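The values are calculated or read from the model by the stated rules, or taken from the named source; none is laboratory data. What you see is a predicted model; the values in this text were computed from it and never measured. Cβ: placed from backbone, ideal geometry, glycine included. Neighbour counts: every protein chain shown. These area figures cover heavy atoms from the full protein model, side chains too; ligands, DNA and RNA do not enter into them. Shrake-Rupley method; radii C 1.70, N 1.55, O 1.52, S 1.80 Å.
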Amino acid sequence: MAKVLSGAGLRGQVAGKTALSTVGKSGSGLTYRGYDVKDLAEKCEFEEVAHLILKGNLPNQAELDAYKTKLKGLRGLPAPLKTVLENIPKDAHPMDVMRTGVSMLGNLETEMSFDEQGDQADRILATLSSMICYWYRFSHDGVKIETETDDDTIGAHFLHMLRGEKPNELHERVMNVSLILYAEHEFNASTFTARVCASTLSDMHSCVTGAIGSLRGPLHGGANEAAMEMIENWKSADEAEREMMGMLERKEKIMGFGHAIYSESDPRNAIIKEWSEKLASDVGDTVLYPVSVRCEEVMWREKKLFCNADFFHASAYHFMDIPTKLFTPIFVVSRVTGWAAHVMEQRADNRIIRPSAEYTGEELRPVPSIAER
Ligand SMILES: CC(=O)SCCNC(=O)CCNC(=O)[C@H](O)C(C)(C)COP(=O)(O)OP(=O)(O)OC[C@H]1O[C@@H](n2cnc3c(N)ncnc32)[C@H](O)[C@@H]1OP(=O)(O)O
Ligand SMILES: O=C([O-])CC(=O)C(=O)O
């Protein structure tokens, strides 16, 4: 059953058209250009889904090979961008690093015409992992890493740069699945930000920079990190249950649960949960995965709230040894496909987005002289 949508936050209002995805049409489904996300996550690599979203079709083998070769060739960072990244402090928020990285790239490789939009989107997609890992390794380990790796996929490229060695097959597969799950989601807050920016006929880098800012918040992409910071405190499933009951009593928000559109479940959760379980068994975990499962049970039992895409991403990324503060940047690496596709869709049939407000302020009044105030 679809959720009844109304009230604040523009909930339930149609704010434009898209051919890119459907969210929660039957209460829980998610499709990209007509394909079920579950099917895509089972059968595809992220690059195939990126091609689907950005170019409009699932690539055949020759198209996929050509697209991967193109993206691999775009992984290098211009020297002035490296200099900027080297100057960002270690304790900066990694989402701020990404925002600055894309913004700087826009200064160096400005989109001069919309004819460039496809290439600009590919360039940003190819460099985002390079930017975040270059900054992370320089600021934390003092090394200037090579970002032009020959890794086959963006997921492997990210893990390789982060760890200094190529990932195993399991980790590369989980990264592919995760990037597919996060790639596109209709008119969510960050995508809508990108579309509003695009509707002024602004450039691709500005649209993506704005979207990164919207994704950063804990009510949106930042929830995967917030969920991790919560569950890592708990040493057993029983402790998790006690603590969650307390949080619910105090009416605290529990990150990684609930959704603005889905009513019954987030279809991405079952998929990433299964991979989190596999990773838990791979690393011999006996705490974090059972804690996460108990959280899911308690929230459903007490509030009928379900895990969204972010909750089991926390444990899955943790089991792959990814630092918590890099969780939301991975979301960016993936969602840039959706953002850029929405920018192109908006440009193809544009009218500036400019809603109205209901005025709740003072009645018209005269300006008093400064002595009278
Ligand atoms: C990839 C993504 O961006 S997915 C979203 C990630 N964000 C999070 O996980 C943050 C936690 N979740 C939330 O804050 C919300 O569920 C949102 C922002 C995702 C959706 O917000 P809304 O559309 O306003 O939620 P909705 O209308 O379904 O809320 C219904 C009720 O459940 C409560 N509720 C919703 N989510 C939660 C939660 N995670 N913890 C506790 N209570 C919650 C709301 O406070 C509301 O209660 P009220 O009626 O007493 O005010
Ligand atoms: O659709 C939303 O509101 C948030 C979300 O799940 C996403 O952007 O992936």
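Inter-label distance, Ile370 to Lys90: 4.9 nm, where each label sits 7 Å from its Cα along the C-beta direction.
Taking the Cβ of Ala309 as the centre, find all other residues whose Cβ is under 9 Å away and add up their charges (Lys, Arg: +1; Asp, Glu: -1).
Numbers: positive: Arg268; negative: Asp266, Asp310.
Counting the neighbours of Ala309, the net charge comes to -1.
Determine the alpha carbon to alpha carbon distance for each of Lys166/Lys325; Lys38/Lys304; Lys68/Lys90; Lys3/Lys273; Lys70/Lys144; Lys43/Lys278 and list only those over 27 Å.
Values: Lys166/Lys325 21 Å; Lys38/Lys304 23 Å; Lys68/Lys90 32 Å; Lys3/Lys273 23 Å; Lys70/Lys144 24 Å; Lys43/Lys278 18 Å.
The answer is Lys68/Lys90.
Rolling a 1.4 Å probe across the protein heavy atoms gives the chain an accessible surface of 46 Å² per residue.
About its Cα centre, what dipole magnitude does the chain give when the only charges are +1 on Lys and Arg Cβ and -1 on Asp and Glu Cβ, stated in debye to the nearest 20?
Numbers: 42 positive and 55 negative charges, 184 e Å.
Its charge dipole is roughly 880 debye.
Between Glu252 and Ser281, the contour length at 0.36 nm per residue exceeds the alpha carbon distance by 7.3 nm.
For Cα pairs less than 8 Å apart in space and 6+ apart in sequence, what is the mean separation divided by the residue count of segment 223-319, i.e. the relative contact order in percent?
Working: 124 pairs, mean separation 44.9, N = 97.
So the answer I get is 46 percent.
A prolate overall shape is assigned to segment 46-99, the ratio a/c of its alpha-carbon gyration tensor axes (a ≥ b ≥ c) being 1.5 or greater and a/b exceeding b/c.
At most 12 other Cβ atoms within 10 Å and a DSSP loop assignment: could you name the GluC sites (Glu not before Pro) in segment 206-287 that fit?
Values: sites: Glu225, Glu229, Glu232, Glu239, Glu241, Glu243, Glu249, Glu252, Glu264, Glu274, Glu277; in loops: Glu232, Glu252, Glu264.
Counting only loop positions with at most 12 other Cβ atoms within 10 Å, the GluC sites (Glu not before Pro) in segment 206-287 are Glu252.
Here the extension length gained between Leu5 and Asp36 equals 8.9 nm, from 0.36 nm per residue of separation less the Cα-Cα distance.
Across the accessible surface of the chain, with the other protein chains kept in place and a 1.4 Å probe, carbon and sulfur atoms take up 51 percent.
Restricting segment 178-248 to trypsin sites (Lys or Arg not before Pro) that sit in a DSSP loop and have at most 15 other Cβ atoms within 10 Å of their own Cβ leaves Lys235.
At a Förster distance of 22 Å, what's the computed FRET efficiency of Phe114 paired with Gln61, Cβ-Cβ distance as r, to 0.05?
On the way: r = 30 Å, r/R0 = 1.37.
Here the calculated transfer efficiency is 0.15.
Label segment 223-319 by shape, choosing from rounded, prolate and oblate, from the square roots a ≥ b ≥ c of the eigenvalues of the Cα gyration tensor; if a/c is under 1.5 it is rounded, and otherwise prolate applies when a/b is larger than b/c, oblate when it is not. Don't skip to the end; give the middle numbers.
On the way: a/c = 1.81, a/b = 1.17, b/c = 1.55.
Oblate shape, in that a/c is at least 1.5 and b/c is the bigger or equal ratio.
Shape of the chain from its Cα gyration tensor (a ≥ b ≥ c, root eigenvalues): rounded if a/c is under 1.5, otherwise prolate when a/b > b/c, or oblate? Rounded. Applying 1/(1 + (r/R0)^6) with r as the Cβ-Cβ distance of Lys25 and Glu358 and R0 = 30 angstrom yields a FRET efficiency of 0.50.
The helix-only estimate of mean residue ellipticity at 222 nm for the chain, built from DSSP H runs of length n ≥ 4 each weighted as -39500 (n - 2.57), is -17500 deg cm²/dmol after division by the residue total. Okay, which of segment 229-265 sit inside 17 Å, backbone N to the point 7 Å along the Cα-Cβ direction of Val14? Once the point is set 7 Å along Cα→Cβ of Val14, nothing inside segment 229-265 turns out to lie under 17 Å by backbone N.
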